[in-house]
Amino acid sequence: MLRALQPAKNVRIEEITEQKGREQLLEYDGLLSAHNRGEFLDFLFTKSKVYIARWSPSLHSSMKEVDASSTTSIASSTASTVAGYIAISRTDNRVLCLYADVEDVAEALMGHHLKQSRAKNAILCCARNQWAKLHSLGSFKSRVIYRRHTRAVPGNIKWEKIFGINVGMNLF
């Protein structure tokens, strides 16, 4: 899996340990959904390792000069330097959630996790259109999971930024 990933080279990944990083991460998370998950995430972060991807300063400043319509989701907000994050269970290295602005940032976060944990495999729940490159791997396995605990798929969640979620993880 590691060989198939093509991580972004314009982000840096760091573990979140201090309060300042958590505040930026919570601000970024607020862009994913209209629901405030701050209290839930504060609890989750005490039980997991969290890595945050940040846009490199040179890229971030140059993106503001590019066509504003194509970079609005990345460069317009206060949390614009945050490109995504991954939360991993401390007990068994399961990916609890993986959110990113674009797929290569998600690949950078996943690659970082696999290198740090030395995991032999990764189990993710994600939308069908995510991780398209991995479908060609011989070791790739996929199965459909049906969500039956809600009457409708919530419309206020930015599904295109959700690259991995564990079953049971709260989206809202």
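Observations, loosely collected:
- Residue list for region 85-116, filter: surrounded by 21 or more Cβ atoms within 10 Å (Cβ to Cβ) and within 15 Å of residue 45 (Cα to Cα): 85, 86, 87, 88, 95, 97, 98, 99
- Test: residue in region 95-112 that is part of a helix (DSSP H, G or I) and at pLDDT below 70: no
- Check on residue 86, β-branched (Val, Ile, Thr), in contact with an Asp or Glu (Cβ under 6 Å, 6 or more places away or on another chain) and either modelled with pLDDT of 90 or more or closer than 23 Å to residue 160 by Cβ (or both): no
- Qualifying residues in region 11-51 (those that are of a type in the set (Phe, Trp, Tyr) and out of contact with any helix residue (DSSP H, G or I) (no Cβ under 9 Å at 6 or more places or on another chain)) - the one surrounded by the fewest Cβ atoms within 10 Å (Cβ to Cβ): 43
- Looking across region 157-172 at every residue that is aromatic (Phe, Trp, Tyr) and touching a strand residue (DSSP E or B) at 6+ places or on another chain (Cβ under 6 Å), the one that is modelled with the lowest pLDDT is identified as 172.
- Residue in region 17-36 that is more than 15 Å from the chain's Cα centre (by Cα), under 21 Å from residue 114 (Cβ atoms) and touching a residue at least 12 places away in the same chain (Cβ under 8 Å) present: no
- Flag: residue 75 matches the condition of being among the small types (Gly, Ala, Ser), within 22 Å of residue 23 (Cβ to Cβ) and modelled with pLDDT under 85.
- Within region 30-72, being among the small types (Gly, Ala, Ser) and either part of a loop (DSSP other than H, G, I, E, B) or at pLDDT 80 or above (or both) holds for 30, 34, 38, 48, 53, 56.
The values are calculated or read from the model by the stated rules, or taken from the named source; none is laboratory data. In this text, all values refer to a predicted model and were calculated from it rather than measured experimentally. As a convention, Cβ positions derive from the backbone with ideal geometry for all residues, glycine included, and neighbour counts pool all protein chains shown.
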